[in-house]
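The values are calculated or read from the model by the stated rules, or taken from the named source; none is laboratory data. From a predicted model like this one, the values you see are computed outputs, not experimental measurements. Counting neighbours? That spans all protein chains shown, and the Cβs are built from the backbone with ideal geometry, glycine included. For the accessible areas, the whole protein counts, side chains as well, though only heavy atoms, and no ligand, DNA or RNA atoms are used. Shrake-Rupley method; radii C 1.70, N 1.55, O 1.52, S 1.80 Å.
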Amino acid sequence: MSLGTPSKQWLAATGVWLPACAPASAARLPDWARAIADDPNLTAEIAVDSGDSFVVLLTERVLSFDASGRAEVRDRIAKLALDESDDDVALGAVLLGSNWEPTKTRAWHLPPGGRAKKSSKESIVEISDTSMFRTDSRARSIVVDDVEPGSLIFFEFRADWTPFSLSDLHRFGGSESVRTARLIIEAPPAWEVAHEWIGEGPGPEPDAAPGRLVWEIHDILSPEREPLSDTAADTGPVLAVSLQPSPPLAPEGPAVFATWNDVSAWITGLTDDRASLGADQYEGWADAATDADAVTSMVATVVRVRDRVRYVAKEVGIDGYRPGHAVETSRNLWGDCKAKSTLLQALLEHQGITAFPVLVHASSRTTVGERVPTLASFNHMITAIQVGDLSLPDHLHSAVVDDATLGRLLIVDSTDEFSSPGSLPSAYAGHRALVVRGTEGHLITLPGTEPRDHRVEQLLDIEVGSSGEVLFTRTRSLFGQPAARYRLDRRSAGRDWREEIEYEIRDQWIGARVRAVDIEEETASGMAIESVSWTVRPIWSEDGDRRLQLFAHVFRGLPRVSLRRRTVPVAYGYPRIIRSEVRLTGFPTHAELPKPINQSGEGWSVSTEYGVEGSILSATGEMIVDKLRFTPAEFDDLRQLYRASAAIQRASAAIEVPSAGAETGR
């Protein structure tokens, strides 16, 4: 199976000096590595990206299960260096703590024209995952020195694995181009192995023999390093596998999943008795449930859990799937996504509202198949609140799913501190997710995929004073991902956010004087609102028109990339609406209205409209982008969108200025 694109270069043409491996030079290699080193067609027809430092000649994983459900994991990796490496090369594998026991970690380096050298035990480095406070995840790596163009590096890793379930998710390929990727599953011959390809079309059927299945794919190309391109997490074929043992395993053995209902039942068994609070424990949270209506109290509770409970990952053993008890989370005021969701469910139960855990993958859209269930399909827990026939305010509808079984569900994330109830992070909006509900769990598609779910709305008032000074008053209201991004940028800014805004205004309008800045980071309707007013005294040419751009800057909310030599799709993370309403006081009565724009393509539209009453011009500009991915074959349409975006930013209107000012500006 080939996944090539024309933009890749063939390795044989890159000028890399490759080792001529005499038998003696490769003699110290294990048999599998020697076979690669001695291959006379080592570099034949390997496609690489011009930015690749390595090409992976082989990546192989073997999962060998015994009758109890335990497995030996055997990994082999072979890499060819393409350029000089400033740093040593580390090859490694992540070990998942208490249910992994590494038994062998080895590496070999075969430099061009040299002899193979086996890495010493001192080169093995084991590092704990410091990104999480309570975790047993750690990475084991081997440092390989003196890598140069043409070096061959081989890595071998083995571990005994006690899985929590007899299911797995395997992604072929990654950040580097791969010549051969192989997955082998060995199991007792009576066992059945269900599999399903997810993502980029169907993959190959396995080579099957009694007790052994082999999937192999060739020439998997690394995603090209381009702005606004697909990430490695969403490229390459993905295989879901689920094993069905015969005879059945002992009750204490790994979980067995034939359907998504089985996954739901297993998670329910870990969570069900933990989503409860006594009346005394609820008392400390009761102020979130005010005397207001049920919906207002519900939303206030979501916000309280999001803001009051500090996120601390707890990924030790089975606690990677089992949440902390709601009582402990309420008392300690820290917990991971599972603990925060569980506490929220318990609090809502006291308000007479039913909620369910929801499992989703927070970064990749290609992890959930329809037929073959796996635990590895998910890495995040959010919450589905059963809202039934409750009357919801408009802003909450962006996060509502209409489910045939459970009715209307409001999906909330009590972990993401930047997203408000009513909007979901664009990282997983539209992903398939599992509602956990005993033996009746089922898949849903998450909301947040409509342009109205992610919008920027601007009101701009422009008034020309008697002295020629122009007063601008701008209010921007952001919802969905633009609002989440705004909050993130504001909280991570290196200086006061008002200073950032003043710098932006002065950069856009030379000589501008900022009069006022007002920020409401999160309104009751989930918006972030920023209001700014400033004055500018533009300088006009003696004979030229005195005009002001009406929609400058706001429509830059759709980033642009060069398409001239681009060969990979342009991927926008979320749909969006950008809308600006302008009121210009000082429009000459004799002046012509600007020419309206009305352009559209597949999945986008750009338009303007104008009206005038006396000396007041009203202008509205709107851009709607519903299409998230433009392939190279669709670049002509994307160019039209870019041209329409540029046109709306150039739209200008004449103004009547009593007297020209002395200050410079633009």
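Among the residues of the stretch 481-492, is there at least one that is among the aromatic types (F, W, Y) and closer than 26 Å to G430 by Cβ?
Filtering the stretch 481-492 for residues among the aromatic types (F, W, Y) gives 486.
Remaining after also requiring closer than 26 Å to G430 by Cβ: 486.
Yes, the stretch 481-492 has at least one match.
Of all the residues that make up the stretch 224-248, how many are closer than 21 Å to S377 by Cβ and part of a loop (DSSP other than H, G, I, E, B)?
Summing the residues that are closer than 21 Å to S377 by Cβ and part of a loop (DSSP other than H, G, I, E, B) in the stretch 224-248 gives 6.
If I filter the stretch 15-36 for residues that are closer than 30 Å to P254 by Cα, open to solvent by less than 50 Å² (accessible area, probe 1.4 Å) and at pLDDT below 90, do I get at least one hit?
no
Out of curiosity, is P596 within 34 Å of the chain's Cα centre (by Cα), at pLDDT 90 or above and open to solvent by 50 Å² or more (accessible area, probe 1.4 Å)?
no
Regarding the stretch 452-471, can at least one residue be identified that is within 24 Å of M298 (Cα to Cα), of a type in the set (S, T, Y) and either part of a helix (DSSP H, G or I) or touching a residue at least 60 places away in the same chain (Cβ under 8 Å) (or both)?
The answer is no; no qualifying residue exists.
Regarding the stretch 598-613, can at least one residue be identified that is more than 15 Å from L638 (Cβ to Cβ) and either in contact (Cβ under 8 Å) with a residue 60 or more places away in the chain or assigned to a loop (DSSP other than H, G, I, E, B) (or both)? So that I can check it myself, show each step before the final result.
Applying the first criterion (more than 15 Å from L638 (Cβ to Cβ)) to the stretch 598-613 yields 598, 607-613.
Keeping just the survivors that are either in contact (Cβ under 8 Å) with a residue 60 or more places away in the chain or assigned to a loop (DSSP other than H, G, I, E, B) (or both) gives none.
For the stretch 598-613, residues more than 15 Å from L638 (Cβ to Cβ) and either in contact (Cβ under 8 Å) with a residue 60 or more places away in the chain or assigned to a loop (DSSP other than H, G, I, E, B) (or both): absent.
Is it the case that D87 is surrounded by fewer than 18 Cβ atoms within 10 Å (Cβ to Cβ), at pLDDT 70 or above and among the acidic types (D, E)?
So D87 does not fit the description; no.
Restricting attention to the stretch 300-320, which residues are touching a Leu at 6+ places or on another chain (Cβ under 6 Å) and touching a residue at least 60 places away in the same chain (Cβ under 8 Å)?
V305, V309 - these are the residues of the stretch 300-320 that are touching a Leu at 6+ places or on another chain (Cβ under 6 Å) and touching a residue at least 60 places away in the same chain (Cβ under 8 Å).
In the stretch 174-219, what count of residues is obtained for those that are under 23 Å from L375 (Cβ atoms), of a type in the set (G, A, S), open to solvent by less than 30 Å² (accessible area, probe 1.4 Å) and in contact with a strand residue (DSSP E or B) (Cβ under 6 Å, 6 or more places away or on another chain)?
Qualifying residue count for the region: 3.
Only residues that are farther than 14 Å from W215 by Cβ and crowded, with 22+ Cβ neighbours inside 10 Å: list them for the stretch 232-246, please.
Once the filter is applied, which keeps residues that are farther than 14 Å from W215 by Cβ and crowded, with 22+ Cβ neighbours inside 10 Å, the stretch 232-246 yields T235, S242, L243.
Consider only pairs whose beta carbons are under 7 Å apart and that are at least six residues apart or on different chains; among these, list those whose first residue lies in the stretch 571-590 and is within 26 Å of L617 (Cα to Cα) and part of a strand (DSSP E or B) and whose second residue is open to solvent by less than 50 Å² (accessible area, probe 1.4 Å) and of a type in the set (S, T, Y).
E581/T620
Could you grab me the full set of residues in the stretch 371-391 that are open to solvent by 20 Å² or more (accessible area, probe 1.4 Å) and either assigned to a strand (DSSP E or B) or in contact with a Leu (Cβ under 7 Å, 6 or more places away or on another chain) (or both)?
The answer is A376, F378, H380, Q386.
Name the pairs whose Cβ atoms lie under 8 Å apart, with the first residue in the stretch 399-411 and assigned to a loop (DSSP other than H, G, I, E, B), the second charged (D, E, K, R), and 6 or more positions between them or separate chains?
Listed pairs, sorted by first residue: T405/E440; L406/R437.
Would you pick out the residues in the stretch 336-373 that are under 23 Å from A313 (Cα atoms) and of a type in the set (S, T, N, Q)?
Within the stretch 336-373, S341, T342, Q345, S363, S364, T367 qualify.
If we scan the stretch 541-552, do we find a residue that is polar (S, T, N, Q), closer than 19 Å to R650 by Cβ and either in a strand (DSSP E or B) or in contact with a strand residue (DSSP E or B) (Cβ under 9 Å, 6 or more places away or on another chain) (or both)?
Keep residues of the stretch 541-552 that are polar (S, T, N, Q), which gives 541, 549.
Retained after the next criterion (residues that are closer than 19 Å to R650 by Cβ): 541, 549.
Checking which are either in a strand (DSSP E or B) or in contact with a strand residue (DSSP E or B) (Cβ under 9 Å, 6 or more places away or on another chain) (or both) leaves us with 549.
Checked against the condition, which is being polar (S, T, N, Q), closer than 19 Å to R650 by Cβ and either in a strand (DSSP E or B) or in contact with a strand residue (DSSP E or B) (Cβ under 9 Å, 6 or more places away or on another chain) (or both), the stretch 541-552 yields at least one hit.
Which condition does N332 not pass, out of (1) open to solvent by 30 Å² or more (accessible area, probe 1.4 Å); (2) in contact (Cβ under 8 Å) with a residue 12 or more places away in the chain; (3) out of contact with any Leu (no Cβ under 8 Å at 6 or more places or on another chain), if it passes all the others?
For N332, the exception is condition (2).
Could you check, for the stretch 417-439, whether at least one of its residues is more than 19 Å from R576 (Cβ to Cβ), of a type in the set (A, V, I, L, M, F, W, C) and outside any strand (DSSP E or B)?
yes
Select, from S222, S165, the only residue that is open to solvent by less than 30 Å² (accessible area, probe 1.4 Å) and either more than 30 Å from V561 (Cα to Cα) or among the basic types (K, R) (or both).
None of the others qualify; the one that does is S165.
Conditions first: (1) crowded, with 16+ Cβ neighbours inside 10 Å; (2) among the charged types (D, E, K, R); (3) part of a strand (DSSP E or B). D160 passes all but one, so which condition is the exception?
(1)
Going through the stretch 302-331 one residue at a time, which ones are over 21 Å from V412 (Cα atoms) and touching a strand residue (DSSP E or B) at 6+ places or on another chain (Cβ under 7 Å)?
Selection gives E315, V316.
From the set of residues in the stretch 475-494 that are surrounded by fewer than 17 Cβ atoms within 10 Å (Cβ to Cβ), in a helix (DSSP H, G or I) and of a type outside the set (D, E, K, R), which is farthest from the chain's Cα centre (by Cα)?
Only one residue tops the list, namely S492.
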